[in-house]
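The values are calculated or read from the model by the stated rules, or taken from the named source; none is laboratory data. All figures in this text were calculated on a predicted structure; none of them were measured in a lab. Here the Cβ positions follow ideal geometry from the backbone for every residue, glycine too, while neighbour counts run over all protein chains shown. Accessible surface is based on the protein model in full, side chains and every heavy atom, while ligands, DNA and RNA are left aside. Shrake-Rupley method; radii C 1.70, N 1.55, O 1.52, S 1.80 Å.
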Amino acid sequence: MIYWLDLFGTCVFAMSGALAAWDKKMYHDIFGVSFTAFVTSIGGGTMRDLILGVRPVWVGDGNYIIAIGTGVLITILFRARLLRFRRSIFFFDTVGIGFYTVIGLQKALLYGVHPWAAVILGMISAIFGGVIRDMMVNEIPLIFSRQIYATACLAGAALYIGLRHLGVDGDWNMIASILLVIGIRLTALKKGWSLPYLQKH
Amino acid sequence: MIYWLDLFGTCVFAMSGALAAWDKKMYHDIFGVSFTAFVTSIGGGTMRDLILGVRPVWVGDGNYIIAIGTGVLITILFRARLLRFRRSIFFFDTVGIGFYTVIGLQKALLYGVHPWAAVILGMISAIFGGVIRDMMVNEIPLIFSRQIYATACLAGAALYIGLRHLGVDGDWNMIASILLVIGIRLTALKKGWSLPYLQKH
Amino acid sequence: MIYWLDLFGTCVFAMSGALAAWDKKMYHDIFGVSFTAFVTSIGGGTMRDLILGVRPVWVGDGNYIIAIGTGVLITILFRARLLRFRRSIFFFDTVGIGFYTVIGLQKALLYGVHPWAAVILGMISAIFGGVIRDMMVNEIPLIFSRQIYATACLAGAALYIGLRHLGVDGDWNMIASILLVIGIRLTALKKGWSLPYLQKH
């Protein structure tokens, strides 16, 4: 189940990378779009796995590359129609970062990492691919746009560690933490929340 | 034999990095030129080895650092004359990416990677150093310039996996795949081929 | 002793990252400042450890994350006063890169790396965090500003390898090498030294 969700998330992240590249003139050809899609979808997990000293999952399992290829293909064939579904894509992305945060955190804990480092690695799993995507298309990374984005991941990861400390069972904990990420992200956007602004003086 | 070719390739990539840095004002001093040369020549292999979980080869063998130093020295001493040989350098670079693609692919297969991931890792070995070089000197990476560059590496890597599947012997397979990379790259440049352009609408 | 110095260095590098981010409008919120502080302080050691194939130290020891958090907190609370101490911060930074160079070099040698690669890894430990910091706030990395910065680290690392080859005891060697880094950096700044400029023609 989690395996299929992970493949689905890989495909959604690939679509978000392909769409971002397509909007930029310099990445207009098929290679540029595919390469950006690839880096966006595997970036976060690969960075987490390199720090953990584990081989990234896509290296040993061809299905991840199929999922990315599918995402690129869908984008190329149905781009105009996809743009009409921007809200759905935004929703998938929000669910995706919640899910990736918790999965990344769990994997980090599994490999004996300090809980605080696990929180950071969970957040990195969720946001790092998008950071590279934004840097490649020369935009200020979304995580620095004063929206509540990475902060929602951090909060979800912290909740998971807290509940785990209190002995809450894994599945319920996972669901609660993912829902917290989604809830914060959606509410923040609706209410226009942003992080405290640091005064120059 | 392959060891010496690898050292020679390291030296050629270092020269290409040093020349690129020299053309930019901000990298004009000896350190900037050497650093760019170093990153250009070891970048692709190091990224591949980190993903494979292997220690990069230059870490344990001083000859690679000698090769890079030689490339930098040649560039500093004979820059004016080197520019007259731009066509030779282009030729070396083309042979180099063909060679690096197949070597990188073989190393990835040796470490038990999925064949499709091996194709991607072969391409990364060949192009990643140049991508960092272009990012450091603030140019749009060559791989996104709509020339057939990374695509030639991909095609060569795919041919190798295909022939290997058919049971073709390693050495002949290697030669055929390298020639395919070189052939596509040279023909594409001569005929002005480029990848299909994706329409905005 | 070295452990506490390392934590102190982590805190100082975090402050330098937080200050740099704060000066840029786009990183003005708490997350942007903290994230830049984090990457600045752990970047160099993490890159070294990934290349060595070792798990980075902050992953297993929560004190490093406390040190970074303390650096961020000090910066947020006392920023105006900190700016009056720019000279002290510069001094800490100079001591810090000397210290990090030698610690990084020793760790690399411990893991059986070629001495020349160890020199490069020592330099990377000291400067890489600052390079990422400068790239994140969109400035030309300090190491390319024609100041003697990375070169001082290289010289200190080379001295350490040379003295070690001559059989000089570890502690004295360490002190001498750190002092060389500090001495070169301070003298170069005072006398306005820079590296030889490479002529275009």
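Scanning the range B:164-175 for residues that are open to solvent by 40 Å² or more (accessible area, probe 1.4 Å) and in a helix (DSSP H, G or I) yields a count of 5. Open to solvent by 10 Å² or more (accessible area, probe 1.4 Å) and away from chain A (no Cβ under 14 Å): does that describe B:I76? Yes; evaluated as a whole, the condition is true for this residue. Is it true that A:V102 is surrounded by 21 or more Cβ atoms within 10 Å (Cβ to Cβ), among the β-branched types (V, I, T), farther than 15 Å from A:F128 by Cβ and at pLDDT 85 or above? Against the criterion (surrounded by 21 or more Cβ atoms within 10 Å (Cβ to Cβ), among the β-branched types (V, I, T), farther than 15 Å from A:F128 by Cβ and at pLDDT 85 or above), A:V102 qualifies.
Note on the range A:122-140: among residues that are open to solvent by 20 Å² or more (accessible area, probe 1.4 Å) and more than 13 Å from the chain's Cα centre (by Cα), the one that is nearest to the other protein chains (Cβ to nearest Cβ) is A:I140. Quick one: would you say B:L19 is surrounded by 21 or more Cβ atoms within 10 Å (Cβ to Cβ) and within 14 Å of chain C (Cβ to nearest Cβ)? Against the criterion (surrounded by 21 or more Cβ atoms within 10 Å (Cβ to Cβ) and within 14 Å of chain C (Cβ to nearest Cβ)), B:L19 qualifies.
Of the set (1) in contact (Cβ under 8 Å) with a residue 12 or more places away in the chain; (2) at the interface with chain B (Cβ under 9 Å from one of its Cβ atoms); (3) over 18 Å from A:R86 (Cβ atoms), all apply to A:I2 but (2). Working carefully through the options B:V113, B:V119, find the one that is within 13 Å of chain A (Cβ to nearest Cβ), in contact with a Gly (Cβ under 8 Å, 6 or more places away or on another chain) and either open to solvent by less than 50 Å² (accessible area, probe 1.4 Å) or not small (G, A, S) (or both). The conditions single out B:V113.
Does any residue of the range A:84-105 turn out to be touching a helix residue (DSSP H, G or I) at 6+ places or on another chain (Cβ under 8 Å), assigned to a helix (DSSP H, G or I), farther than 16 Å from A:C153 by Cβ and in contact (Cβ under 8 Å) with a residue 60 or more places away in the chain? Yes, there is a match, as at least one residue in the range A:84-105 is touching a helix residue (DSSP H, G or I) at 6+ places or on another chain (Cβ under 8 Å), assigned to a helix (DSSP H, G or I), farther than 16 Å from A:C153 by Cβ and in contact (Cβ under 8 Å) with a residue 60 or more places away in the chain.
For the structure I just gave you, tell me whether A:I42 is aliphatic (A, V, I, L, M), in contact (Cβ under 8 Å) with a residue 24 or more places away in the chain and assigned to a helix (DSSP H, G or I). Here the answer is yes, as A:I42 does meet what is asked. Quick one: in the range A:48-73, which of the residues that are touching a residue at least 60 places away in the same chain (Cβ under 8 Å) and away from every other protein chain (no Cβ under 11 Å) is surrounded by the fewest Cβ atoms within 10 Å (Cβ to Cβ)? The selected residue is A:A67.
Out of the range A:79-91, which residues are surrounded by fewer than 17 Cβ atoms within 10 Å (Cβ to Cβ) and within 11 Å of chain B (Cβ to nearest Cβ)? Those that are surrounded by fewer than 17 Cβ atoms within 10 Å (Cβ to Cβ) and within 11 Å of chain B (Cβ to nearest Cβ): A:A80, A:L83. Scanning the range B:31-47 for residues that are under 25 Å from C:W193 (Cβ atoms) and either open to solvent by 20 Å² or more (accessible area, probe 1.4 Å) or more than 20 Å from the chain's Cα centre (by Cα) (or both) gives B:F31, B:G32, B:S34, B:F35, B:F38, B:V39. Return the residues of the range C:48-71 that are more than 18 Å from C:C11 (Cα to Cα) and under 15 Å from the mean Cα position of the chain (by Cα); say none if nothing qualifies. Within the range C:48-71, C:R48, C:D49 qualify.
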